[in-house]
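Note sheet for the following structure.
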Amino acid sequence: MDQSPIEHPVRAAIVDAVEAGFDEQIRFLADFVRIPSTRFEEGPAQDFMAAALRKRGYSVDDWRIDLNDLEHLPGFGPIEGDFSRARTVVGSHRPSEVRGRSLILQGHLDVVPAGPAEMWTTPPFEPAIRDGWMYGRGAGDMKAGTVAALFALDALRHAGFEPAATVHFQSVIEEESTGLGALSTLQRGYRADFALLPEPSDFTINRAQVGAMWFKLQVRGRPVHVATAGTGSNAILAAYDMINALKKLEVNWNERAANDPVYKDIDHPLNFNAGKITGGDWASSVPAWCDVDCRIGVLPGQDLAEARAEVEACVAEAAREHPFLSNNPPEVVWNGFQAEGYVLENADEQESAFAAAYADVFGAGERPAERKMTALTDTRFYGLYYGIPAFCFGPKAENIHGFDERVELDSIKRCTEIFALFIARWCGLNRI
Ligand SMILES: [Zn+2]
């Protein structure tokens with residue numbers, strides 16, 4: 001069934017419809033990027049997506065996420081911050097006649113912080129097009145892919161068809177910090193035979209991804225005047241000593257990864273990152289406190305409870321030998337991602353249908369490359385806990401999470417064509 005050929009005139013009509021809608025697609029993408037949907041501020045961007053889905057006639061489910069519904073589910077990560085306005089938006093297509101396999105298309109609209117605006121050539125939330133690329137925070141990760149999926153569905157309609165199976169178009173938040181947006185759709189009951197997440201993969205399929213955990217290292221002491229400071233009682237300097245201890249744990253974990261069946265051929269797959277540091281009150285008081293927000297990668301199959309125990313033991317041991325911290329042991333607070341790694345399995349049907357759509361666009365015999373990621377995506381929830389094969393595939397983007405993030409326009413068009421032809425193959429088509 002996955003090889004169900006698409007007759008040449010149908011294929012041509014779909015590709016033409018993508019081309020015809022592409023200028024509007026890029027305008028729509030720019031409007032979407034212009035909305036600064038950073039963490040806890042995603043509401044206006046969700047409004048934008050909900051309106052776009054309603055306008056197209058999808059039945060829209062727009063709900064507030066209640067943490068009480070999620071905290072007992074596998075993959076849950078704790079939230080630190082105001083989650084009261086968190087929402088998920090799903091637009092569903094239900095066909096007049098079901099003949100194919102159902103599909104979830106999921107995009108996250110949360111974006112990472114832009115950093116200092118002066119580091120950008122043009123402002124991060126004023127999308128600009130230069131030399132065939134669109135620049136802007138979130139343009140690549142992953143608004144371009146989400147919009148490509150939406151306009152792929154539009155192209156099918158403009159070519160005179162609808163998917164002959166249920167399609168859920170899911171707009172989620174929190175991908176960059178806990179994954180609770182994706183988890184909320186599963187808790188709500190959305191299911192399908194496959195979930196495609198159009199993350200910026202540069203036309204590759206992610207075969208495997210690591211997991212990650214977030215924690216806050218809290219160093220506390222007693223403020224004193226700098227004139228009486230002993231060298232060991234400075235919370236900021238003590239925090240650096242803890243960071244160095246954790247870097248040794250990172251080395252140790254990567255040595256173990258060299259024997260991992262999936263990641264043995266990847267150099268340094270597990271990264272520890274001290275990502276944000278705050279501490280002290282002013283220049284002439286010895287800092288009595290320091291917080292460090294950290295992230296550490298874990299291998300697929302690595303037990304998270306054991307991994308957390310190793311991190312806590314590493315900090316406790318380093319503190320024991322520390323002149324200041326031995327009397328003031330720091331705390332480790334788990335405050336975000338508690339994400340397991342994921343390896344794609346049992347997805348032959350999905351992959352071969354997708355490869356066929358890829359070959360429709362790039363030529364017979366061409367196949368998408370695969371990669372093993374040292375980062376993570378929301379696919380893990382589908383694959384690990386709900387038996388729904390899921391992978392990412394999307395356009396070419398650069399500097400995601402950096403300055404001058406950008407996405408290549410031509411790659412967006414190719415992805416839109418692939419998505420439309422894949423939906424045609426996977427779901428089948430009804431004439432409308
Ligand atoms: Zn992303």
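In table form, for the structure just shown:
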read-out	value
Region 1-54 - convex hull of the alpha-carbon atoms, volume per residue in Å³	133 Å³
Mean projected area (nm²) of the alpha-carbon convex hull when region 14-103 is viewed from all directions	8.6 nm²
Scaled radius of gyration (Cα, divided by 2.2 N^0.38 Å) that region 328-400 gives	1.53
Of the GluC sites (Glu not before Pro) in region 13-114, those whose Cβ has at most 11 other Cβ within 10 Å and which sit in DSSP loop	E97
Dipole in debye (nearest 20) - region 307-353, about Cα centre, beta carbon charges: Lys, Arg +1; Asp, Glu -1	460 debye
Zero-based 5 Å bins, Cα pair distances in region 270-349, whole percents	3, 11, 17, 20, 17, 11, 8, 5, 3, 2, 1, 1, 0, 0
Backbone N within region 163-206 under 16 Å of label point (7 Å from R367 Cα along the Cβ vector)	204-206
Rg in Å to one decimal, and Dmax rounded to a whole Å, for the chain via C-alpha atoms	23.4, 83
Relative counts (whole %) of C-alpha pair distances in region 356-432, using bins that are 10 Å wide	15, 36, 38, 10, 1
Considering only region 79-212, percent of DSSP beta bridges that pair antiparallel, nearest 5	50 percent
Per-q log10 I(q)/I(0), region 91-201, q = 0.21 Å⁻¹ (Debye; single scatterer per alpha-carbon; no solvent)	-1.14
Positive-end residue of M373, L344, Y358, charge dipole of region 339-393 with Cβ unit charges	M373
Surface/4 of the Cα convex hull for region 62-151, nm²	9.6 nm²
All-pairs alpha carbon distance profile, region 223-372, 5 Å steps from 0, percent	2, 8, 14, 15, 13, 11, 9, 8, 6, 5, 4, 3, 2, 1, 0, 0
Share antiparallel - DSSP beta bridges, the chain, percent rounded to 5	75 percent
Qualifying lysines (Cα of each under 23 Å from Cα of K143; at least 8 residues distant if same chain)	K55, K372, K396, K413
Close Lys-Lys pairs in region 202-349, where close means Cα under 18 Å and separation is 8 or more or interchain	4
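Values quoted throughout were computed directly from the atomic coordinates according to the rules given, and no laboratory measurement underlies them. It should be emphasised that the depicted structure is a prediction, and the values quoted were computed from it without experimental measurement. Every residue, glycine among them, receives a Cβ derived from its backbone with ideal geometry; neighbour counts consider all protein chains shown.
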